[in-house]
Each structure stands twice: as C-alpha cells, then as structure tokens.
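Heads up: the structure comes next, in structure tokens.
What follows is calculated from the coordinates using simple rules that are stated; it is not laboratory data. These numbers were taken from a predicted model, which means no experiment stands behind them. Using ideal geometry, Cβ is built from the backbone for each residue, glycine included, and neighbour counts are taken over all protein chains shown.
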Amino acid sequence: MMWARLLVGVGGSGLWLRASRDLRGLLRVGGAACVGRRQASSGEECPVKGHCTEALKKTPLFDFHREQGGKMVGFAGWSMPVQYKDSHIASHMHTREHCSIFDVSHMLQTKVHGKDRVKFMESLVVGDIAELKDNQGTLSLFTTEKGGIIDDLIVTRTDQGYLYVVSNAGCADKDSARMKARLAEFKAAGLDVDMEFLDEALIAVQGPSMAQVLQQGLKEDLSKLTFMNSTLATVFGIPGCRVTRCGYTGEDGVEISVPASRVVELTEKLLSHSEVKLAGLGSRDSLRLEAGLCLYGNDIDETTTPVEGTLVWTIGKRRRQTKDFPGADIIVPQIKAKTARKRVGLVSTGPPVRQHTPILSPDGKVIGEVTSGCPSPCLKKNIAMGYVDSAFAKNGTAIQVEVRKKAVPATVSKMPFVPTNYYSG
Amino acid sequence: MAACGLLRSLSSNFFTVLPLLNRSVTLSPLRLASTPYFGRTITTSSRVTADLKFTDKHEWIRVEDDGNGTIGISKFAQEALGDVVYCGLPEVGTQLAQQDEFGALESVKAASELYSPLTGEVVEVNTLLADNPGLVNKSCYTDGWLMKMTIGNPAELDALMDEAAYDRYIRSIED
C-alpha cells in the first residue's frame with residue numbers, strides 16, 4: 001500500500017483528495033496530524049501540503065468533536081469530523097437503525113425579511129415559493145442565466161415573517177454574494193426586503209429513534225411535525241431553536257438551528273440517550289448516496305441544468321409558465337424536448353465505482369461518467385450516480401463501468417437505492 | 001524473542017488497557033490491540049508479528065515452513081484504510097517483481113494499491129476475502145492474509161524491516 005487515495009466527496013466542491021505518496025498523506029488528512037500539534041487559538045491551519053492555503057474555520061462544536069475522538073479534516077474551508085471512534089460502516093448503520101448527530105454548522109443559514117421576501121427569493125430560485133404553506137419548506141435551486149445550477153438549498157416559509165434558507169458551505173461565498181447583489185437591486189427598486197446571515201449552530205439528528213429521543217426535550221408534539229415542516233421550539237430547555245423535519249440521510253430526522261453558545265449542551269443532552277451517537281462527514285456521504293440525494297459539486301454544478309440533473313420536480317408548476325427565474329429560457333424548453341444526457345443511478349458488484357469512473361455502453365463506447373460512487377453499507381453492492389447519454393437512462397438498462405482498466409457490468413437503477421423513511425404523519 | 005508479551009515503549013499519548021502478557025498465553029493481535037485509535041499504533045511484541053518483515057508501503061511478509069511467503073497489510077495500514085469492503089487480488093500464477101502492483105484494497109471512502117514486497121510467483125490467494133473483506137481489518141496478521149508467493153530472491157528479505165524497525169518507521173511518519 002503505497003498511497004491511499006482518500007475519497008472525500010462530501011459536499012461543496014466535492015473534494016477528491018489524493019494523499020501524498022505515502023500513507024502519511026492519508027493520516028494527515030484524516031487523523032491526529034491535522035490537529036495534534038496545534039493548540040491554535042485562532043483558525044487551525046491545514047497541514048496537508050498544498051491543500052488549504054488559509055486557516056480552517058471552526059464550528060462551535062470543534063473542541064467537542066476532538067474530545068469525542070473526532071478525526072478532523074479540512075472541508076470547504078472548515079475543520080470537520082470525518083468520523084469518530086466507530087468505523088465508517090458502524091456509524092452509517094447506526095444512523096439507519098438508531099440515531100446519529102451530525103454537525104452541519106458549516107452550512108450557510110440565512111433569514112430573508114420584508115414584504116417582498118417571496119418575490120426576492122423567487123427571483124433567484126426555480127421553485128414556487130409563494131405556494132408554500134406557513135412553516136413548509138422545499139428543496140430548491142439557485143440557477144445561472146445559462147441554466148446551470150449554482151447551488152441546491154432548502155427554503156422554508158416560516159410564520160414569523162421571514163424565509164429561512166439553508167445552503168451549502170462550499171457555495172457560501174458565491175451564494176451570499178449573489179443574494180446580496182440581488183438585495184441591492186431590490187432595495188434600489190424600492191422593494192421591502194432584508195437579509196441576515198445567522199450565527200447559530202446547526203445539528204442534524206437523523207434516524208428512526210430521533211423522534212423518541214427528541215420528543216423528551218420538546219413541548220411540541222413531534223408527531224404533528226411532518227417532513228419538510230419547521231417550527232421554533234425550546235429544545236431540552238434551550239430557547240430560540242428552530243427544528244425542521246428534514247435531512248440528508250433518507251431517514252426520519254431533523255435539523256436543529258441552535259444558539260452557538262448552547263450547541264454543546266444540546267449535543268451532550270442528546271448523546272446522553274443510549275440510542276444516539278455522533279457521526280461525521282464520511283457516513284454522511286454514504287448515507288445520502290444510498291438515499292439518492294445529490295451532492296453539489298459532484299452530481300450537480302454550474303454545468304448541469306435541473307433537467308439534465310433529473311431535478312425537474314424542483315421547478316415550480318407556475319414558474320414553468322411564467323419563466324421568471326434565471327436560465328428559464330434554456331431550462332423550461334428542456335422539460336419537453338429532453339436533454340442529451342441525464343443523471344441516473346447505477347448499481348454494480350466487484351470493484352467499487354467512484355467519481356470520474358467512465359460509463360460504457362455494452363459494446364464498450366464511452367457514454368458517460370460517474371459523479372459520485374461508493375460501496376453501499378446497507379446493500380453490500382456498489383452504488384453510484386452519473387450522467388449517461390439519454391438513450392441509456394432507463395432503469396434496468398445494462399451498461400458497463402471501467403474500473404482499473406477493466407469493463408465491469410452495471411445496471412441503471414432507480415433512486416433512492418435504499419428506501420427512505422421520511423415522516424408524513 | 002525479546003520480552004515476548006510485554007508492552008513496549010508506549011508514549012504517554014497512548015491510552016491502553018493492555019494486560020501484561022506472558023509467553024504461555026496465546027497472543028493474537030486482536031487481544032493485544034486496544035480500540036483502534038486513528039493515527040496511533042500500539043507497539044507490541046507478539047509471536048505473530050515478531051516473525052514478520054515489513055515494507056515501507058505497509059505490507060508484511062511471513063516466510064512459511066514450505067519456503068513460500070504469506071503477504072498481508074499491517075495494522076497501521078488497515079486502520080488508516082478503514083472498513084475494507086473490496087479486495088482486488090491477483091490470479092494464481094502471476095509473476096511479480098519486487099514493488100510491482102499486485103492488487104488493491106478498497107474501503108467505503110478510500111482505495112489503496114498493493115505492492116509486492118518481493119519477487120516471485122503468486123501461488124495462492126485468500127478466497128475468504130471475496131465474501132468477507134472485513135477480515136483484513138479484524139485479523140490483518142492471520143486470517144486477513146492476502147496472498148502467498150514463492151520467494152524468488154531470498155536476499156530481498158534482508159532489506160525489509162523487522163518489527164522494531166517498522167514500529168520506528170511508523171512513528172517517524174506520524175510525526
């Protein structure tokens with residue numbers, strides 16, 4: 001084993017880290033070397049040569065992660081835990097069978113205020129935001145004038161007079177710049193909108209026993225909070241939290257936005273339940289892939305349209321008529337006309353299939369490329385997402401993937417690969 | 001063999017609950033190992049690892065009674081790799097020169113090529129790993145062996161590290 005290629009495709013820019021030419025590189029990315037010798041008071045420096053040039057940002061749980069045995073890696077400019085003491089597979093399965101906590105404080109949380117906040121949001125995203133019920137949220141997309149995807153995000157229409165928006169850490173700079181620019185335009189036109197970026201921490205609590213654990217800390221009846229709905233709440237005695245029933249694992253779960261000064265306390269309270277364990281970015285990635293969820297930077301980016309990305313459902317029915325979102329003139333016609341390539345799921349056995357693996361037709365022609373892939377801990381098969389020529393996009397189509405210079409059979413598969421358990425009441 | 005069963009030069013950073021062992025106890029790397037602690041290696045002496053020679057690419061080789069060599073990866077390597085889910089191993093009969101790539105191990109998040117410690121011919125491959133790749137993690141020095149090969153040039157063994165040298169090597173790259 002000369003060098004281990006650590007494949008950390010967990011969000012934002014979809015990093016694929018090639019370790020330096022001995023195992024040391026892997027260690028430095030994943031383990032003690034990243035934090036061991038620095039008791040830095042301000043931003044950790046990422047010691048991986050040529051990896052990050054700036055100091056990594058820390059979430060309010062940074063020290064806590066290290067105390068809990070977290071192996072920290074640099075990710076989207078943040079120092080984040082990739083796993084703790086349990087193995088990747090153990091952590092993944094624990095989430096599917098019990099409950100795991102993920103620190104997702106690196107993601108950007110935004111509040112949009114003002115009478116014209118819906119109009120403002122709709123000027124940036126593809127969804128029908130006006131039709132959202134109070135406290136209902138939806139997955140949506142920021143798009144470019146050319147029809148590409150700038151980021152995927154969740155927009156929630158709260159009953160508190162603001163929209164609550166959560167977007168990817170790796171896109172924080174471009175998203176916030178875009179929103180600020182649009183805000184300036186709206187204000188200049190005399191419209192009533194305002195925006196604030198939040199300092200709150202954000203933790204995801206995911207898994208079948210989430211409800212039983214969290215209910216103990218809530219006055220509100222969790223059985224009434226269905227998938228993609230949100231509420232303010234006092235959680236385990238901590239006021240000012242927002243609980244949204246959503247997540248990135250396919251399991252029933254919530255994301256809790258909590259004052260930064262109290263997130264450690266909340267996490268410790270949750271961990272005091274035997275059902276609950278901490279989980280890191282490693283299992284976050286294998287869980288979301290099993291659930292068929294895209295990773296921005298890998299599976300969708302500014303070169304993919306929502307139609308190519310098989311995300312037509314995000315485009316609001318009204319918006320398809322009014323064509324009033326960026327790139328609509330390119331995207332809307334694609335819905336009828338179809339596109340040359342499409343994002344599909346695929347399944348194989350044998351050597352694992354990873355990002356950039358070529359996809360071949362049965363007679364060996366290159367017809368696409370894998371954008372995300374990993375061995376599925378639940379299915380014990382290899383799962384992947386990629387783009388293929390549309391002729392091969394139907395579920396069940398036999399294709400091949402080229403792994404280590406050999407063509408290996410694969411099958412186009414529907415997603416999610418593992419059934420989801422979203423709570424509908 | 002020196003101080004068989006005694007724990008060796010543990011740095012104060014290690015936490016360990018390893019018992020003091022004596023020769024009459026059958027030693028397995030699993031019983032010697034505390035909970036794997038990423039980036040650290042428990043330095044131990046055992047009858048299992050004391051027979052091994054190590055490469056700087058974290059493979060080990062054990063010369064068997066029949067003169068062939070059994071090859072696997074070290075505890076340090078399997079910890080770094082994580083749960084092995086796939087073993088790509090060579091076909092029996094493959095001729096390998098020292099340092100030739102002979103296969104790969106993959107975990108959920110990482111992949112690593114395997115390099116032949118010696119020159120020789122592959123005579124056996126661990127077929128148990130097809131259905132149970134986790135053996136590489138659970139039992140990297142015994143049941144998780146990867147392949148067996150002839151030893152075409154025994155002098156090559158002399159250039160490999162013994163256990164003590166390998167332990168020092170690991171500590172040097174961790175720093």
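Structure values in brief
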| item | result |
| --- | --- |
| For segment A:340-417: span of alpha carbons on each principal axis (Å, largest first) | 32, 27, 18 |
| Built amide H within the under 5 Å cut-off of residue A:195, gap 5+ | A:113 |
| Alpha-carbon Rg with Dmax, taken over segment A:108-195, Å | 12.0, 34 |
| Hz values of 3J(HN,Hα) by residue in segment A:291-301 - Karplus curve (6.51, -1.76, 1.60), Gly and Pro given as x | 7, x, 8, 6, 10, 5, x, 9, 8, 9, 6 |
| Dipole of chain A, positive direction: furthest Cα of A:229, A:384, A:65, with charges on the beta-carbon | A:384 |
| Cα gyration tensor, chain A - rounded (a/c under 1.5), prolate or oblate | rounded |
| ³J(HN,Hα) computed for each position of segment A:134-147 - Karplus, 6.51 cos²θ - 1.76 cosθ + 1.60, integer Hz, glycine/proline x | 4, 6, 9, x, 8, 6, 9, 10, 7, 10, 9, 4, 8, x |
| Debye intensity ratio I(q)/I(0), log10, segment A:151-197, q values 0.24, 0.28, 0.31, 0.32 Å⁻¹ (C-alpha model) | -0.99, -1.13, -1.16, -1.17 |
| Relative frequency of Cα-Cα separations exceeding 20 Å in segment B:52-170, percent | 35 percent |
| Nonlocal amide H pairs with residue B:110, under 5 Å, H built at 1.01 Å | A:7 |
| Cα gyration tensor, segment A:209-307 - rounded (a/c under 1.5), prolate or oblate | prolate |
| Under 5 Å, built H, 5+ apart or other chain: amide partners of residue A:397 | A:412 |
| Among beta bridges that DSSP assigns inside chain A, antiparallel share in %, nearest 5 | 95 percent |
| Highest-MSF residue in chain A out of A:283, A:361, A:140 [GNM, Cα springs under 10 Å] | A:361 |
| Cβ neighbours within 10 Å from other chains - mean over B:53-62 | 2 |
| Charge dipole (debye, nearest 20) of chain A; +1 at Cβ of Lys and Arg, -1 at Cβ of Asp and Glu | 1180 debye |
| Prolate/oblate/rounded label for segment A:275-406 (Cα gyration tensor, a/c 1.5) | oblate |
| Computed over chain A: relative contact order in percent, which uses C-alpha pairs under 8 Å that are six or more apart | 16 percent |
| Relative contact order of segment A:340-417, defined on C-alpha pairs under 8 angstrom at six or more residues apart (%) | 38 percent |
| Packing rank of A:343-354, A:266-277, A:313-324, where each peptide gets the mean count of other beta carbons within 10 Å, highest leading | A:343-354, A:266-277, A:313-324 |
